[in-house]
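Note sheet for the following structure.
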Amino acid sequence: MAGVTRRRFIQTSAATGAAAALLPASRARGERTVPAPADVSARTRAYLEEQRKAGVRAGGDLAFLTGTQLAAMLAARDVSSREVTQAFLARINALNGDGGFSVPSRPVTGTTPNPDIPVYGNNGKLNAYVRVYDDLALSMAKEADARLDAGGAPLGCGVPIAIKDIFAVGGHELTLGCPLMKGNVATGDSTVAARARAAGMPILGQTHTGPWTSDDTCPQTANPWKRSKAVGGSSGGSAAAVASRLAVLSVGSDTGNSVRNPACNTGVGTIKPTYGLIPLYGATPLTVSNDHAGPICRAMTDVSLLLGVLAGPDPLDPRSLQAPPAPAYYPLAPTPGDLPLAGVRIGSTIETETSPARASWAPGILARLRAAVEQFRALGATIVDVAPATSNLGSTAYFKAAAPDPFTGAAVSASGVYGNAENAYVLRDTYTQTADPLLVGAVKTRFRRTAAISGVEGKDQLLQRAAKFTPEDLFGAYQVRREYCEAWAKVFADNDLHACLWPQKVQTPPDRADDFTGSFSGVESSRPNTTGWPCVDVPVGRDASTGIPVGIDIAAPLGADATVLQIAIDYQAHFPYHLDVPTDL
């Protein structure tokens, strides 16, 4: 049943450049030259030694150390990968609960749940992982220990990792946040999983995502700072796992905020890297020109370490061949001194954002964002207030498709054109045109909250909308997008900026509810997805009124991943909010 149809589904999906998960004929490129500890700079070696000593002194539960500390301790053989992996598995087994617990989805209208379309639900515990791979993780830890004993292993070998449930892990299920896909077994590794294996990082399991990654809250996963609140999505499981010390390194995906949103709400670090920098072969696509993979980790040095493992081209994802070259390694140590950001010009939109209305911002979040700007200034940065680039992507007065929406009669904006077109291209002849019940179930789950219009179901609405677009519509829409990218480049050029700060979420996460929680506002959170620019989110403290962490985004032009990482690492060296332990474990 599944073999032929799923393979056909994946082969077609791969043609989009999203590269897909279950194709046994091709093999994701795991090779990536990750440096051994002896290969990094003297300053970085000295910092790693400091971190090693700090980790040894800390003693206690290994799961509470940073990935950088564990990497240095493993390289020095202060600890074994098996010991580290067992420490995380013990916490997972104690705190995660049954990740496969499901509930009926909520209907489009009315209140009666729909048992025909189950979704993963609140299992009463943290529920960061949908599946845990004890045997795989311990087997990989054994192999990592052998490599470490032999010498010359890459930095990070033996440090366990969690992977979002959209990246294929060969021989294990891939369910995309949809219980109806149970039994969909990946016959090969995604590039992300292949590179984790090649680096000797034991795979602890796969983390929860909102259904089909198209979700702002990931309500099945608890926020470890306040379990009654949403963790944020769609990579909520990855962020919650790291914050809860159920992992130290994890991978998520970001099409419109999906690593930065949950990282912000849980007090951990992340980067949405330059477009194409991490290959997406074997990852489920959403909107292919906006899709990114990104590390979510405890410390920003951990984020940098993992990005170095995952970055670099893979011919199986053509987008990765166009990304700027990845360096041998990304920054792994803070700049010394009390003014590490001296000479760095950083823009800030904290005081100039106009949407959402300032009155709707949580006062405690705004207070932390303002305090963070002053902290960057105190570290020597020159802070320049700048206005965000004007976006015409959603303005039908500026641009509209030739034909109105066939169901609503409304004009279609530039973002509506390319968003619908890309989604329809991914779905056409694959998810919507197969009899494979697993994929049919996934499609039903994805469109479960889209009401039929004149008897036309959600998936067919998408295809019919896209069919109305002309070549001129598509070229025009992408031209508007290019203008937006150029407008941001002008903001940087006119103000001679190295990077820019802007808010992440500015409202308190909503209360959790099975399946559908709603959304909460950020400030045009898909900016770096639209431009392809790298953007980190680093924790800057907690909202005094709720106790929930607050994060700030730091963005820079295409290819400047090392720049934003170094700024974040330097900030975190002086303001280590990432070491705070969640209060509702």
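The values are calculated or read from the model by the stated rules, or taken from the named source; none is laboratory data. For clarity, every value in this text was computed on a predicted model and none was experimentally measured. Every residue, glycine among them, receives a Cβ derived from its backbone with ideal geometry; neighbour counts consider all protein chains shown. When the accessible area is computed, the model is the full protein with side chains, heavy atoms only, and any ligands, DNA or RNA have been set aside. Shrake-Rupley method; radii C 1.70, N 1.55, O 1.52, S 1.80 Å.
Remarks
- Checking 107, 154 one by one, the residue that is modelled with pLDDT of 95 or more and on the phi < 0 side of the Ramachandran plot is 154 and no other.
- Test for residue 258: is it over 18 Å from residue 582 (Cα atoms), open to solvent by 10 Å² or more (accessible area, probe 1.4 Å) and either in contact with an Asp or Glu (Cβ under 9 Å, 6 or more places away or on another chain) or hydroxyl-bearing (Ser, Thr, Tyr) (or both): yes
- Being open to solvent by less than 20 Å² (accessible area, probe 1.4 Å) and in contact with a strand residue (DSSP E or B) (Cβ under 7 Å, 6 or more places away or on another chain) is a property that residue 311 lacks.
- Neighbours by Cβ (under 7 Å, 6+ apart or cross-chain): first from region 456-483, within 15 Å of residue 413 (Cα to Cα); second among the hydroxyl-bearing types (Ser, Thr, Tyr) and open to solvent by less than 50 Å² (accessible area, probe 1.4 Å): 474/418; 477/418; 478/418; 481/418; 481/530
- Look at (1) farther than 30 Å from residue 406 by Cβ; (2) surrounded by fewer than 17 Cβ atoms within 10 Å (Cβ to Cβ); (3) not aliphatic (A, V, I, L, M) and you find that residue 478 fails only one, number (1).
- Put simply, of 286, 310, 249 the only residue that is modelled with pLDDT under 95, in contact with a helix residue (DSSP H, G or I) (Cβ under 6 Å, 6 or more places away or on another chain) and over 18 Å from residue 505 (Cβ atoms) is 286.
- Test for residue 503: is it in contact with a Leu (Cβ under 8 Å, 6 or more places away or on another chain), of a type outside the set (Lys, Arg) and touching a residue at least 24 places away in the same chain (Cβ under 8 Å): yes
- Within region 345-354, considering residues that are among the polar types (S, T, N, Q) and assigned to a loop (DSSP other than H, G, I, E, B), the one nearest to the chain's Cα centre (by Cα): 349
Let's see how each residue does on (1) basic (Lys, Arg); (2) farther than 28 Å from residue 211 by Cβ; (3) within 24 Å of the chain's Cα centre (by Cα); (4) part of a loop (DSSP other than H, G, I, E, B):
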position: 383; (1), (2), (3), (4): no, yes, no, no
position: 410; (1), (2), (3), (4): no, no, no, yes
position: 415; (1), (2), (3), (4): no, no, yes, no
position: 442; (1), (2), (3), (4): no, no, yes, no
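- In the set (1) open to solvent by less than 10 Å² (accessible area, probe 1.4 Å); (2) at pLDDT 95 or above, residue 280 fails one condition alone, (1).
- Test: residue in region 115-124 that is more than 22 Å from the chain's Cα centre (by Cα) and within 13 Å of residue 99 (Cβ to Cβ): yes
- Between 398, 329, the distinction of being in contact with a helix residue (DSSP H, G or I) (Cβ under 9 Å, 6 or more places away or on another chain), closer than 30 Å to residue 458 by Cα and either open to solvent by 60 Å² or more (accessible area, probe 1.4 Å) or without any contact (Cβ under 8 Å) to a residue 12 or more places away in the chain (or both) belongs to 398 only.
- Which numbered condition residue 129 misses (of (1) closer than 26 Å to residue 458 by Cβ; (2) modelled with pLDDT of 95 or more; (3) open to solvent by less than 20 Å² (accessible area, probe 1.4 Å); (4) not hydrophobic (A, V, I, L, M, F, W, C)): (1)
- Tallying residues that are surrounded by 20 or more Cβ atoms within 10 Å (Cβ to Cβ) and charged (D, E, K, R) within region 67-88 yields 0.
- Residue count for region 488-516, restricted to those that are modelled with pLDDT of 95 or more, open to solvent by 30 Å² or more (accessible area, probe 1.4 Å) and in contact with a Ser or Thr (Cβ under 7 Å, 6 or more places away or on another chain): 1
- Region 25-53, residues that are open to solvent by 30 Å² or more (accessible area, probe 1.4 Å) and of a type in the set (Gly, Ala, Ser): 25, 26, 38, 41, 42, 46
- Residues in region 181-206 that are open to solvent by less than 10 Å² (accessible area, probe 1.4 Å) and assigned to a loop (DSSP other than H, G, I, E, B): 184, 186, 190, 199, 200, 201, 202.
- Number of residues in region 54-66 that are open to solvent by less than 40 Å² (accessible area, probe 1.4 Å) and modelled with pLDDT under 95: the value is 1.
- Scanning region 355-381 for residues that are touching a Leu at 6+ places or on another chain (Cβ under 9 Å) and outside any loop (DSSP other than H, G, I, E, B) turns up 358, 369, 372, 373, 376, 377, 378.
Let's see how each residue does on (1) exposed (fewer than 14 other Cβ atoms within 10 Å of the Cβ); (2) hydrophobic (A, V, I, L, M, F, W, C):
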| residue | (1), (2) |
| --- | --- |
| 347 | no, no |
| 352 | yes, no |
| 361 | no, yes |
| 383 | no, yes |
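- Pairs are defined by a Cβ separation below 8 Å, a sequence spacing of at least 6 or placement on different chains, a first member in region 541-560 that is on the phi > 0 side of the Ramachandran plot, and a second member that is in a strand (DSSP E or B); the pairs so defined are 541/549; 541/550.
- Among the numbered conditions (1) within 22 Å of the chain's Cα centre (by Cα); (2) surrounded by 18 or more Cβ atoms within 10 Å (Cβ to Cβ), the only one that residue 100 does not meet is (2).
- Among the residues making up region 287-308, those that are surrounded by fewer than 24 Cβ atoms within 10 Å (Cβ to Cβ) and over 13 Å from the mean Cα position of the chain (by Cα) are 287, 288, 289.
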